[in-house]
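Reviewing the structure listed below.
The values are calculated or read from the model by the stated rules, or taken from the named source; none is laboratory data. Note that this is a predicted model, so its numbers are computed, not measured. Cβ: placed from backbone, ideal geometry, glycine included. Neighbour counts: every protein chain shown.
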Amino acid sequence: MLQNEWTGAARWLVPLGLFATVLLVGVLLRAAALRALDRWSQNTITRADDLIVASIRWPSYVWILILAAIAALHTIDLPGEQADVAARRGLEALLELSITIGAARLLGELTQNSGSDLPPNLAAASTGLLRTIVRAGTLAIGILVILSTLGISIAPILGALGVGGLAAGLALQPTLSNLFAGFQIAVTKQVRVGHRVRLASGEEGYVADIAWRTTTLRTPTNYLVIIPNSKFADSIMTNFNLPDPPVNIVVPLTVAYDSDLRRVELVLLAEARRLVADLPQLVKDFEPVVRFLAFGESGAMFNVVVRAQDFESQFGAWNEIYQRLIECLRREKIEIPFPSRHVYLRGDVPPRV
């Protein structure tokens, strides 16, 4: 009797030993791998590696535990072949589920924090639409793999989804139109979150988000304008952040006709260079431009051109630029004319008969 009990207990020693061995080796390898990944991530400037390390830090415990259970299960003779197959498939499905969830989270975070060539204050965070599509696509692929692992045929499911998708497409045509328009906006990257745009219909503001149905603009007065994606994609718009963030500031000035135009040009150019050196909002390596434009109604017209760091920076520079250019002209005794009209009257006109 005791020998039978000892024999029954002894047959569990190998699975338990193998489980403990795989668990211990897995934990040691995990610690070594994470240390190496931490050193690697500290030597890079992108956030992608930090997100990869963070996404596998805790799920890796689950993966090690499931792998240890699968290894131990191969040494156990379960009663009945079906029970053995079901147990192995179940553990494999759990492993695939944990990997799928981790991959969906990682890809979603990578999409959300994808880099951009814009400066930090206008860094283009990926839209909620694209992040949702990436996560949903990863989960869908993972679920199909899990169903295949469990021995469930996915062909009838795909067929049912195809027929159901056709019916849903006909019933939800406006919604799908906005969905695909939003996907097109997100993929082409001609408009990104953080960009300032102006539509042909007059709406202007910063792109706050591109969701699955609407695009949200935050106006300069801090209101939200919600536009359906289909209308936003079909609209003619101006993007003030592409192809490059810096924008030119064109300052029109008018001087009297009796002014020395060459001297006026030199005076304005010298003051514009001082403005570039003094104002932090202006691009330092851009050479200011002063050009005679035309003969206006009241005087000779000039344009002074400098370059701001980005669209937002120009508003902080306008006031100082105007004031200093006007002060410069007055200091140099260059007349700034005001609009005037000369009316010449002929003699009294005899009344008509």
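Within region 214-258, how many residues are among the small types (Gly, Ala, Ser) and at pLDDT 90 or above?
Adding up the residues that qualify gives 1.
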Q: Could you please give the count of residues in region 181-219 that are under 15 Å from Asn239 (Cα atoms) and assigned to a loop (DSSP other than H, G, I, E, B)?
A: 12
Q: Test Asp278 against the criterion of being in the same structural domain as Ile326 (by TED's automatic domain parsing), modelled with pLDDT under 90 and not small (Gly, Ala, Ser), and give yes or no.
A: no
**Q.** Members of region 272-291 that are assigned to a strand (DSSP E or B) and surrounded by 14 or more Cβ atoms within 10 Å (Cβ to Cβ)
**A.** Leu282, Val289, Val290
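Go over the candidates Ser55, Ser60, Ser41 one by one and state the one that is more than 27 Å from the chain's Cα centre (by Cα), surrounded by 14 or more Cβ atoms within 10 Å (Cβ to Cβ), assigned to a helix (DSSP H, G or I) and assigned by TED's automatic domain parsing to the domain that holds Glu109.
Working: Ser55 fails: more than 27 Å from the chain's Cα centre (by Cα); Ser41 fails: more than 27 Å from the chain's Cα centre (by Cα).
Going through Ser55, Ser60, Ser41 in turn, the sole match is Ser60.
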Q: State which residue is farthest from Thr254 (Cα to Cα) when the search covers only region 310-324 and only residues that are touching a strand residue (DSSP E or B) at 6+ places or on another chain (Cβ under 8 Å) and modelled with pLDDT of 90 or more.
A: Ile321
(Q) Just to check your reading of the model, which residue among Leu268, Leu261 is over 28 Å from Thr238 (Cβ atoms), of a type in the set (A, V, I, L, M, F, W, C), touching a Phe, Trp or Tyr at 6+ places or on another chain (Cβ under 7 Å) and exposed (fewer than 13 other Cβ atoms within 10 Å of the Cβ)? (A) Leu261
Q: Quick one: Leu242 ticks every box in (1) among the hydrophobic types (A, V, I, L, M, F, W, C); (2) assigned to a loop (DSSP other than H, G, I, E, B); (3) over 27 Å from the mean Cα position of the chain (by Cα) except a single one, so which number is it?
A: (3)
